[in-house]
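The values are calculated or read from the model by the stated rules, or taken from the named source; none is laboratory data. This is a predicted model, so every value here is computed, not measured. Every residue, glycine as well, gets a Cβ built from its backbone with ideal geometry; the counts of neighbours run over all protein chains shown. All accessible areas refer to the heavy atoms of the entire protein, side chains included, with ligands and DNA or RNA removed. Shrake-Rupley method; radii C 1.70, N 1.55, O 1.52, S 1.80 Å.
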Amino acid sequence: MKKITPSLLIPAAVLLVAGSLQAKQPKLRTLLIDGQNNHRWQQTTPLIKATLESTGRFIVDVATSPAKGGDMSTFSPKFSDYDVVVSNYNGEPWSDATNRAFVEYVRGGGGFVSVHAANNSFPAWAEYNQMIGVGGWGGRNEKSGPYVRWRDGKFTRDTHAGRGGSHGRRHAFEVTVRDADHPITRGIPTSWTQAEDELYAELRGPAKNMRVLATAFSDKSTGGTGEHEPILMVIGFGKGRVFHTTLGHDTKSMSGVAFQVTLQRGTEWAATGQVTLPAITAAQLTKAEPAMQDPLKLSPPATVGKVDLSQRPDMHGDGWVSIFNGKNLDGWTQKNGSATYAVEDAAVVGRTAKNSPNSFMCSEKNYSDFELTFEVQVDEGLNSGVQIRSKSLPEYNNGRVHGPQVEIETGPAEAGYVYGEATGRGWLSPHQPATDAFDNDGWNRFLIRAVGPRIQTWINGRKIEDLYDPASFQEGFIGLQVHGVGDRGPFEVRWRDIRIRELK
Ligand code: ZN
């Protein structure tokens, strides 16, 4: 029977529904900065990234500075590409050019979030201290500005001489909302307990255009100051919005729901001026003892729009779009090696070239959350795969295509599992029990779903992988791989009926 493209069968009314789904809010582009910190940034950056991305509201890229003593002139993130910058950085000064770009970015309306020891950074950088409102250590003292404390039912600015920045022993502590009429605090309980953390005290700085949203009592019995110290703040800087959280000393404190919820809401507010994330109840953000959850185990929501993530993608549902027209490779570009790609019998045919490195035929469009389907045949002896959410960047290995790849090869083998192509991470699929789903003689129907940090695959109707990998890119192109074969071959791989359904 002749194949009919499903899009021809979709009635106009359904297309309208699909259109309104697509009108939902786009993900917020977030840049997380690390690379130097007297805290273990290598452990905490993945937790911050997972905490934000688990909401489905953010896509987080990480910019890592040179190590201490390195050449800071090479560190120049493109702040203007982002809705919000989150700092997990406490280290050496950036270059003057990078400082200028950052000031210009925030002053012009960019969002900024300072996490814990990021407020120890840059004691001599005037604009940075205006952005964070108050900071600690690094020689800060009365010349940096006042202490800001909650006393007798109101905030006071205390200009007494003294150090800036201290904390007592780590412990779980109650945080009290002092300003419940702000998008970040509206919709959460008015007091709750943070997991064991450092309770920052004696912070001082210009404290201009600053609203303290929440405080905690720094008890002398824990080595504290006996004052109600600011814990969460918002600061206006030019047209930009800054959210400052002093919480988040280590992986334990970042496993506190209080840290996570306030970071998520504060980051959305810094990026947009609003908070659309759902309200949090006292049952979730607890007071008697701290609520805990491992951010790396947070899953994206069970459904996206009308799609139930526990089910196999419905190939016959609405919203599917062909991304290969069956006639030519319009919309696709070859990257890296010299394997050849031709269109024959409505299929993309990839043929190996002797001594070529891996070759990729890449979609010109980038995709983030989606379902993807295609049929594929491959010669025995040829390794292939389909890149998803992948990138080719001049600054990374001379444009080498890299990112998650869904494996294609004859069985029994690893078809359907996920490999971190050119990322140095090897297999992303830790277990590979199903090795015989691939039909070596026929066409194989692949289904792939990527939502937030989760990647799921099916071959010929059988579930192969359900991977949670927050370290992978969550946006990028699709790429059809012909693996290098040295002087063997020639071998062929064929793809047809390549369709995608974007999930919003
Ligand atoms: Zn700390």
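Descriptive notes on the structure:
- Hits in segment 150-172 (condition: within 14 Å of the ligand (Cβ to nearest atom), touching an Asp or Glu at 6+ places or on another chain (Cβ under 8 Å) and open to solvent by 10 Å² or more (accessible area, probe 1.4 Å)): Ser166, His167, Gly168, Arg170, His171
- Selection status of Leu296, of a type outside the set (S, T, N, Q), outside any loop (DSSP other than H, G, I, E, B), open to solvent by 60 Å² or more (accessible area, probe 1.4 Å) and touching a Leu at 6+ places or on another chain (Cβ under 8 Å): yes
- Hey, Pro490 assigned by TED's automatic domain parsing to the domain that holds Gly350 and in contact with a Ser or Thr (Cβ under 6 Å, 6 or more places away or on another chain) or not: yes
- Considering segment 381-392, and only residues there that are open to solvent by 10 Å² or more (accessible area, probe 1.4 Å) and modelled with pLDDT of 95 or more, the residue that is nearest to the chain's Cα centre (by Cα) turns out to be Lys391.
- Complete set of residues in segment 210-220 that are of a type in the set (A, V, I, L, M, F, W, C) and within 15 Å of the ligand (Cβ to nearest atom): Ala216
- Among the conditions (1) modelled with pLDDT of 95 or more; (2) away from the ligand (no atom under 16 Å from the Cβ); (3) within 22 Å of the chain's Cα centre (by Cα), His244 misses just one, which is (2).
- Test: Thr98 is more than 21 Å from Val261 (Cα to Cα), open to solvent by 20 Å² or more (accessible area, probe 1.4 Å) and out of contact with any Gly (no Cβ under 9 Å at 6 or more places or on another chain): no
- Remark: Tyr89 falls outside the filter, which requires a residue to be hydroxyl-bearing (Ser, Thr, Tyr) and touching a Leu at 6+ places or on another chain (Cβ under 6 Å).
- Checking each residue in segment 63-75 for being within 21 Å of Ala117 (Cα to Cα), outside any strand (DSSP E or B) and open to solvent by 40 Å² or more (accessible area, probe 1.4 Å) picks out Ala67, Lys68, Gly69.
- Of all residues in segment 408-419, those being open to solvent by less than 20 Å² (accessible area, probe 1.4 Å) and without any contact (Cβ under 8 Å) to a residue 24 or more places away in the chain number 0.
- Restricting attention to segment 186-197, the residues being within 16 Å of the ligand (Cβ to nearest atom) and open to solvent by less than 10 Å² (accessible area, probe 1.4 Å) number 3.
- Scanning segment 190-238 for residues that are farther than 20 Å from Thr286 by Cα and among the hydroxyl-bearing types (Ser, Thr, Tyr) yields Tyr200, Ser221, Thr222, Thr225.
- Lone unmet requirement of (1) open to solvent by less than 40 Å² (accessible area, probe 1.4 Å); (2) within 16 Å of the ligand (Cβ to nearest atom); (3) within 28 Å of the chain's Cα centre (by Cα) for Pro183: (2)
- Within the span defined as segment 251-262, one or more residues are touching a residue at least 12 places away in the same chain (Cβ under 8 Å), part of a loop (DSSP other than H, G, I, E, B) and not assigned by TED's automatic domain parsing to the domain that holds Glu371.
- Single match in Thr435, Thr423 (criterion: under 25 Å from Thr352 (Cβ atoms) and crowded, with 18+ Cβ neighbours inside 10 Å): Thr423
- Single residue of Ala283, Ala279, Ala302, Ala271 found to be away from the ligand (no atom under 16 Å from the Cβ) and not assigned by TED's automatic domain parsing to the domain that holds Ser166: Ala302
- For segment 235-260, taking the residues that are β-branched (Val, Ile, Thr) and open to solvent by less than 10 Å² (accessible area, probe 1.4 Å), the one that is nearest to Arg40 (Cα to Cα) is identified as Thr246.
- Residues that are open to solvent by 10 Å² or more (accessible area, probe 1.4 Å) and closer than 28 Å to Arg29 by Cα, drawn from segment 475-488: Glu475, Phe477
Rundown of residues vs (1) outside the structural domain of Arg107 (by TED's automatic domain parsing); (2) touching a Ser or Thr at 6+ places or on another chain (Cβ under 6 Å); (3) closer than 26 Å to Leu31 by Cβ; (4) away from the ligand (no atom under 16 Å from the Cβ), yes/no style:
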| site | (1), (2), (3), (4) |
| --- | --- |
| Leu199 | no, yes, no, no |
| Lys208 | no, no, yes, yes |
| Thr222 | no, no, no, no |
| Glu229 | no, yes, no, no |
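- Flag if Thr276 is crowded, with 17+ Cβ neighbours inside 10 Å and either touching a residue at least 40 places away in the same chain (Cβ under 8 Å) or of a type in the set (A, V, I, L, M, F, W, C) (or both): no
- Of all residues in segment 207-214, one or more are open to solvent by less than 30 Å² (accessible area, probe 1.4 Å) and within 20 Å of Ala161 (Cα to Cα).
- Condition met for Val60 (β-branched (Val, Ile, Thr), open to solvent by less than 50 Å² (accessible area, probe 1.4 Å), more than 19 Å from Leu296 (Cα to Cα) and not in a helix (DSSP H, G or I)): no
- Those strands (runs of 3 or more DSSP E) of segment 432-474 in which at least 1 residues are of a type outside the set (Ser, Thr, Tyr), touching a residue at least 60 places away in the same chain (Cβ under 8 Å) and closer than 30 Å to Gln43 by Cα, considering only elements entirely within it, cover 444-451, 454-459.
- On the stretch given as segment 70-93, residues that are without any contact (Cβ under 8 Å) to a residue 12 or more places away in the chain and within 16 Å of Asn37 (Cβ to Cβ) total 1.
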